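The values are calculated or read from the model by the stated rules, or taken from the named source; none is laboratory data. What you see is a predicted model, and the numbers here were worked out from it, not measured in a lab. Backbone-built Cβ (ideal geometry, glycine too); neighbour counts: all protein chains shown.
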Amino acid sequence: MTEIDVSTLDFDKGGGLICAVVQDRLTLQVLMVAWMDRGALEETLSSGEATFYSRSRQARWRKGETSGNRLRVSSITPDCDGDTLLVSVDPAGPACHRGAVSCFGDAVAPGVGRLGALERAVNARASQPPEVSGTARLLKRGVKRIAQKVGEEGVETALAGAAGDADEVCAESADLLYHLAVLLHARGLSFADVMAVLAARAEKRA
């Protein structure tokens, strides 16, 4: 978890509380908004699991204590005024108490966040027995075979782009992205590593 200087935060503005916006680390989907007092933040930092302060119960609570849907904290970033926190997490189940992934609608990893969800699914399936998971079977065949599949899917995507209809282009692109996610996993990499390269290139061109 990244370091954070608690002394720089403004708890006074919120009457001893600070707003915490919780975001999925991989999909960037906003999962929930809650409150922390200083003690809840310190407990979060020491335990690595999101702990909040309930204004209705006037007590601290750790997310997932009863449901098991804990939030493993990756980083905490204050806003420019120091009165709101962006809490990046790896969720172990739905964040909403109603069973939805997010408290903000029923969508699961909307938009480009689907890439993060795909990466998480590949990571999970990689540990399954090959007889029950096609992803595990592909990983068992090794990096060279996975790289070959990426090449094959790239060609099919290019052919669809040149002569196929919109549905075919999208379907082939989805196949390519899946196999690319598997290849990255096999190499110990992630889409975040790829995005870092894109970000570096964008800075050079700015």
Practice item. Could you check, for region 118-138, whether at least one of its residues is of a type in the set (Asp, Glu) and within 16 Å of Thr27 (Cβ to Cβ)? Key: yes
Check your understanding: Only one of these conditions is not met by Arg38: (1) among the charged types (D, E, K, R); (2) more than 30 Å from Ala174 (Cα to Cα); (3) loosely packed, with under 14 Cβ neighbours inside 10 Å. Which number is it?
Key -> (3)
Check your understanding: Can you tell me which residues in region 161-206 are in a helix (DSSP H, G or I), of a type outside the set (Gly, Ala, Ser) and under 19 Å from Lys140 (Cβ atoms)?
Key -> Tyr178, His179, Leu180, Val182, Leu183, Leu184, His185
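Scan region 51-58 and tell me whether some residue there is surrounded by fewer than 21 Cβ atoms within 10 Å (Cβ to Cβ), in contact with a Ser or Thr (Cβ under 6 Å, 6 or more places away or on another chain) and not β-branched (Val, Ile, Thr).
Initially, region 51-58 is screened for residues surrounded by fewer than 21 Cβ atoms within 10 Å (Cβ to Cβ), giving 54-58.
Next cut, in contact with a Ser or Thr (Cβ under 6 Å, 6 or more places away or on another chain) only: none.
Checked against the condition, which is being surrounded by fewer than 21 Cβ atoms within 10 Å (Cβ to Cβ), in contact with a Ser or Thr (Cβ under 6 Å, 6 or more places away or on another chain) and not β-branched (Val, Ile, Thr), region 51-58 yields no hits at all.
Specify which of the listed residues (Val122, Val101, Val73, Val87) is touching a Pro at 6+ places or on another chain (Cβ under 7 Å), touching a residue at least 60 places away in the same chain (Cβ under 8 Å) and not basic (Lys, Arg). Reasoning before the result, please.
On the way: Val122 fails: touching a Pro at 6+ places or on another chain (Cβ under 7 Å); Val73 fails: touching a Pro at 6+ places or on another chain (Cβ under 7 Å); Val87 fails: touching a Pro at 6+ places or on another chain (Cβ under 7 Å).
When all the criteria are applied, what remains is Val101.
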Practice item. Starting from region 125-153, keep only residues that are closer than 15 Å to Ala186 by Cα, then list their pairs with residues that are hydroxyl-bearing (Ser, Thr, Tyr) and assigned to a helix (DSSP H, G or I) whose Cβ atoms are within a distance under 8 Å, requiring at least 6 positions of separation or different chains. Key: Arg125/Thr135; Ala126/Thr135; Gln128/Thr135
Point to revise | Residue list for region 71-91, filter: over 14 Å from the mean Cα position of the chain (by Cα) and charged (D, E, K, R) | key: Asp79, Asp81, Asp83
Exercise for review: Please list, ordered by first then second residue, the pairs with beta carbon atoms under 9 Å, 6 or more apart or interchain, first in region 3-16 and assigned by TED's automatic domain parsing to the domain that holds Gln58, second exposed (fewer than 13 other Cβ atoms within 10 Å of the Cβ).
Suggested key: Asp10/Asp81; Lys13/Asp81
Practice item. Among the numbered conditions (1) without any contact (Cβ under 8 Å) to a residue 60 or more places away in the chain; (2) part of a loop (DSSP other than H, G, I, E, B), tell me where Glu156 comes up short. Key: (2)
Study note, to complete from the structure: Given the conditions (1) exposed (fewer than 13 other Cβ atoms within 10 Å of the Cβ); (2) closer than 20 Å to Leu118 by Cβ, every one holds for Ala166 apart from (2)
